Amino acid sequence: MIDRKPIPNINIGQVYDQRYSDAEVHYDKLGNLAEFFGRNMPVHRHDRFFQVHYVKSGAVRVYLDDQQYLESGPMFFLTPPTVAHAFVTEADADGHVLTVRQQLVWGLVDADPTLVPGSQLPAACVALSQFPPEVRRLEFLFEELSNEINMASAGRSAALDSLTRLIMISLLRLCANSLQARPARHEDLRIFHRFNELIEDHYLQHWPLSHYADRIGVTEARLNDVCRRIADLPSKRLILERVMQEAKRLLLFTGSSASEICYQLGFKDPAYFSRFFQRYAQMTPGEYRQRQSGLR
């Protein structure tokens, strides 16, 4: 993808769920990750990890390098460690996200090179409506993985390893059916990725939209049009979602009070911050922290 800065590397265990920072496998429901990161996931990669998004329902816009896909569930997209990717999910999209250390996947391919006909593992986006048996198998395996993750039974580690291997084998077999990419306007992608880059650098400063547009060299209307075309979201919403993501991260992983977090995020009034958070999360900061602490 066209970008001016190094593509961010996201370690799920450090950013989202620190209980499993050193785990070989990280799993969560797609809806949980979308709630935390927002619907728009800007271009990024996962160093030393493969990641699979299995979408059961709803539509997703996927960008694998500069290849664009728009597909509805059931589908999945697979991203190897070196592949930059971005995606936007519909509000009602749900499914599973599996992040796996590269050694596990490479071990499968070394044991049976026919899993990957080519010389390397490519990124893939696969629609599954034509493969009902595989859909049933994958949904069963993902549900078993989800159940095992949430239990502390004897043999849990071995069970997670075995289920992950079965899932990855099933997905690798299907990668030969990857969809044909849709054409993407490179100038639109350049503007969109530059906008997300600027959001990351300046969201704590609460820049008005006009500042972003000026720095990119486009009008606000053009910027909004690009964001709606690529992410199906207005440009202002992308900024707000980044602020919300950081607010949730601070509530989950720090002991700071809501008032302290308010000032860390560049707000001047704790009461206004609380109203802002409640408007987009449908609960107060305190309620969000309490609910999430009960789930973790």
For this session: Those residues that are closer than 16 Å to TYR27 by Cβ and among the β-branched types (Val, Ile, Thr), I need them from segment 137-182; list them, please.
Result: ILE149, THR164, ILE167
Exercise. Does LEU166 satisfy the criteria of being assigned by TED's automatic domain parsing to the domain that holds TYR63 and at pLDDT below 95?
Worked result: no
Exercise. In segment 95-132, what residues are buried (at least 17 other Cβ atoms within 10 Å of the Cβ) and charged (D, E, K, R)?
Worked result: ARG101
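Conditions (1) under 19 Å from HIS202 (Cβ atoms); (2) surrounded by 14 or more Cβ atoms within 10 Å (Cβ to Cβ); (3) among the hydrophobic types (A, V, I, L, M, F, W, C), marked per residue:
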residue: ILE239; (1), (2), (3): yes, yes, yes
residue: VAL243; (1), (2), (3): yes, yes, yes
residue: GLU246; (1), (2), (3): yes, yes, no
residue: ARG249; (1), (2), (3): yes, yes, no
residue: GLU260; (1), (2), (3): no, no, no
residue: PHE276; (1), (2), (3): yes, yes, yes
residue: THR284; (1), (2), (3): no, yes, no
residue: ARG291; (1), (2), (3): no, no, no
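Checking the structure you have, find out if any residue of segment 140-148 is in contact (Cβ under 8 Å) with a residue 60 or more places away in the chain, surrounded by 14 or more Cβ atoms within 10 Å (Cβ to Cβ) and among the small types (Gly, Ala, Ser).
In the first step, residues of segment 140-148 are kept if they are in contact (Cβ under 8 Å) with a residue 60 or more places away in the chain; the result is 142, 145-146.
If we keep only those that are surrounded by 14 or more Cβ atoms within 10 Å (Cβ to Cβ) too, we end up with 142, 145-146.
With among the small types (Gly, Ala, Ser) added as a condition, the list becomes 146.
Yes, because at least one residue in segment 140-148 is in contact (Cβ under 8 Å) with a residue 60 or more places away in the chain, surrounded by 14 or more Cβ atoms within 10 Å (Cβ to Cβ) and among the small types (Gly, Ala, Ser).
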Exercise. Of the residues ARG228, ARG215, which single one is within 26 Å of ALA59 (Cα to Cα), out of contact with any Asp or Glu (no Cβ under 9 Å at 6 or more places or on another chain) and of a type outside the set (A, V, I, L, M, F, W, C)?
Worked result: ARG228
Exercise. Inside segment 217-261, can you point out the residues that are more than 18 Å from TYR16 (Cα to Cα) and among the polar types (S, T, N, Q)?
Worked result: THR219, ASN224, SER235, SER257, SER259
Problem set entry | Given (1) within 22 Å of GLU35 (Cα to Cα); (2) charged (D, E, K, R); (3) surrounded by fewer than 17 Cβ atoms within 10 Å (Cβ to Cβ), index of the condition ARG61 fails | (3)
Exercise. When the residues of segment 1-54 are filtered to those that are modelled with pLDDT of 75 or more and of a type in the set (Lys, Arg), which remaining residue is surrounded by the most Cβ atoms within 10 Å (Cβ to Cβ)?
Worked result: ARG39
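Looking at SER178, is it within 30 Å of LEU141 (Cβ to Cβ) and surrounded by fewer than 16 Cβ atoms within 10 Å (Cβ to Cβ)? Spell out how you get there, then give the answer.
Details: within 30 Å of LEU141 (Cβ to Cβ): yes; surrounded by fewer than 16 Cβ atoms within 10 Å (Cβ to Cβ): no.
Here the answer is no, as SER178 does not meet what is asked.
The values are calculated or read from the model by the stated rules, or taken from the named source; none is laboratory data. Note that this is a predicted model, so its numbers are computed, not measured. When we count neighbours, we look across all protein chains shown, and the Cβ atoms used for this are built from the backbone with ideal geometry, even at glycine.
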